[in-house]
1. When you look at Gln38, is it assigned to a helix (DSSP H, G or I) and under 23 Å from the mean Cα position of the chain (by Cα), yes or no?
2. Go through the residues of segment 276-288 one by one and say whether even a single one is within 20 Å of Thr139 (Cα to Cα), in the same structural domain as Thr354 (by TED's automatic domain parsing) and modelled with pLDDT under 95.
3. Have a look at Lys379, Lys311 and point out the one that is modelled with pLDDT of 95 or more, open to solvent by 60 Å² or more (accessible area, probe 1.4 Å) and either in a loop (DSSP other than H, G, I, E, B) or in contact with a helix residue (DSSP H, G or I) (Cβ under 7 Å, 6 or more places away or on another chain) (or both).
4. What pairs can you find where one residue is in segment 17-34 and under 22 Å from Glu242 (Cβ atoms), the other is open to solvent by less than 60 Å² (accessible area, probe 1.4 Å) and of a type in the set (Phe, Trp, Tyr), and their Cβ atoms are less than 9 Å apart, with a gap of 6+ or different chains?
5. If you go through segment 158-175 one residue at a time, do you hit one that is away from the ligand (no atom under 11 Å from the Cβ), closer than 30 Å to Ala231 by Cα and in a helix (DSSP H, G or I)?
6. Taking segment 178-198 as the search range and keeping residues that are open to solvent by 10 Å² or more (accessible area, probe 1.4 Å) and more than 11 Å from the ligand (Cβ to nearest atom), which one is nearest to His264 (Cα to Cα)?
7. Can you pull out every residue in segment 63-94 that is within 21 Å of the chain's Cα centre (by Cα), more than 16 Å from the ligand (Cβ to nearest atom) and aliphatic (A, V, I, L, M)?
Amino acid sequence: MNLKNFYSVNAIFGEGTIEHLQKIEKNHIAILMGGKSQQSVVDAITDKFDKLGKEWRIVGNIKREPHMEDIEKPLKEVIDFKPDCILAIGGGSVMDSAKAIWIFYEYPNLKWDDVILPNPVPKLGNKAILIAIPTTSGTGSETSSCAVVVDKKKMEKKLIISQNILPTLAILDTQLACTMPKHVAANSGMDAFTHALESATSNMNNSIVQRISLVTLLDIFKYLPTSINGAKDSKEFKEAREKIHIASYLAGIAINNAGTGLAHIFDQVGPKLNIPHGLTCAILLPYTIEFTEEHPFYLELAKVLGYKEEKGYARFLAQKIIELNKSVGIPPSFSEMGIGEKEYLEAMKEDIETSINSGGLQFAAKVPTYEDAEKFMLKAYYGK
Ligand SMILES: [Fe+2]
């Protein structure tokens, strides 16, 4: 068993927990947010800050998976404003951006190359704390030691990984999860699903991660369809959104302790073809499972889902995931979502070369050759 430390983040959760922000003993608050859909939440928070005499400034809006240059403007605002608290309100892109801003605010002399994997990040928190408030349910960035940024020149994702970029506090207000548009909820929910399954089968897995992942996966199987297709103000819909918000946080804890797997390693076609991260993972996952084929955790999960045989369980699970994808509007292949064959094949070739050399494969349950990767990437395109 590979169990040394177990990392988690200080978190507050439940309906209306955003109110806790009034109690934080910080008075100079920089707010990084996503698009307009979060404006009403930010307005409610800043009204309260005004009443309490706290100074605040919105330092930027992050509206896509962050490219390195997207960080520059909000970072300048932060350096000018000198906050004692950085508040990230939004999805994974906002939280990941806030982590990068936090690093360069605390250490202005550092450059991207100094902190991109495998380089370390120094201890943060001398100037500010970071509070993460997810408004989507999937990335788990509020509880992970990872930030993903896109290098525009190469259209490749780059990773910063360090326990030092874990947010100081995560606030999981389940009410916020109810405002997510359906397609965002579907993509991010399947991102969480991929986190849970891949962390449980990575070479870094341990028994705590596997227990967390099993419950998380079963909750996503059970509640994700209602969280997308349920009537908006119904009790069932609210309950489903709440369950998926917590599942996302738990899956984030799982990847923070065990890393991810092949769907995440080979997801570079996403930034190249402008496909959201969660959607890329959702489509790749069944085919990477079929390639990995044998893993005791696959068998355990398949049996809980009703599979009776001792063989063929990877294919059974892959089919279950394709069905789950379908139930939330995610197609079984990149061709069905309308990606052109020529552009996919070009992106795929670059993706395989980059991914095989990325170092991430050391954690995969089964390591593919170039030809193996080509096979499952082609299946993900054609659906067979
Ligand atoms: Fe992910």
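1. yes
2. Looking for residues that are within 20 Å of Thr139 (Cα to Cα), in the same structural domain as Thr354 (by TED's automatic domain parsing) and modelled with pLDDT under 95, one finds at least one in segment 276-288, hence yes.
3. Only one candidate passes the filter, namely Lys379.
4. Cβ pairs passing all conditions: Leu21/Phe49.
5. The answer is yes, given that some residue of segment 158-175 is away from the ligand (no atom under 11 Å from the Cβ), closer than 30 Å to Ala231 by Cα and in a helix (DSSP H, G or I).
6. Val184
7. Those that are within 21 Å of the chain's Cα centre (by Cα), more than 16 Å from the ligand (Cβ to nearest atom) and aliphatic (A, V, I, L, M): Met68, Ile71, Ile86, Leu87, Ala88, Ile89.
To keep it simple, each residue is scored yes or no on (1) within 20 Å of Gly278 (Cβ to Cβ); (2) at pLDDT 95 or above; (3) assigned by TED's automatic domain parsing to the domain that holds Ser144; (4) among the acidic types (Asp, Glu).
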position: Met155; (1), (2), (3), (4): yes, no, yes, no
position: Ile171; (1), (2), (3), (4): no, yes, yes, no
position: Ser188; (1), (2), (3), (4): yes, yes, no, no
position: Thr194; (1), (2), (3), (4): yes, yes, no, no
position: Glu198; (1), (2), (3), (4): yes, yes, no, yes
position: Ser207; (1), (2), (3), (4): no, no, no, no
position: Leu214; (1), (2), (3), (4): no, yes, no, no
position: Leu217; (1), (2), (3), (4): yes, yes, no, no
position: Ala240; (1), (2), (3), (4): yes, yes, no, no
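The values are calculated or read from the model by the stated rules, or taken from the named source; none is laboratory data. For clarity, every value in this text was computed on a predicted model and none was experimentally measured. So basically every Cβ, Gly included, is an ideal-geometry build from the backbone, and we count neighbours across all protein chains shown. Surface accessibility is based on the protein's heavy atoms, side chains included, excluding ligands, DNA and RNA. Shrake-Rupley method; radii C 1.70, N 1.55, O 1.52, S 1.80 Å.
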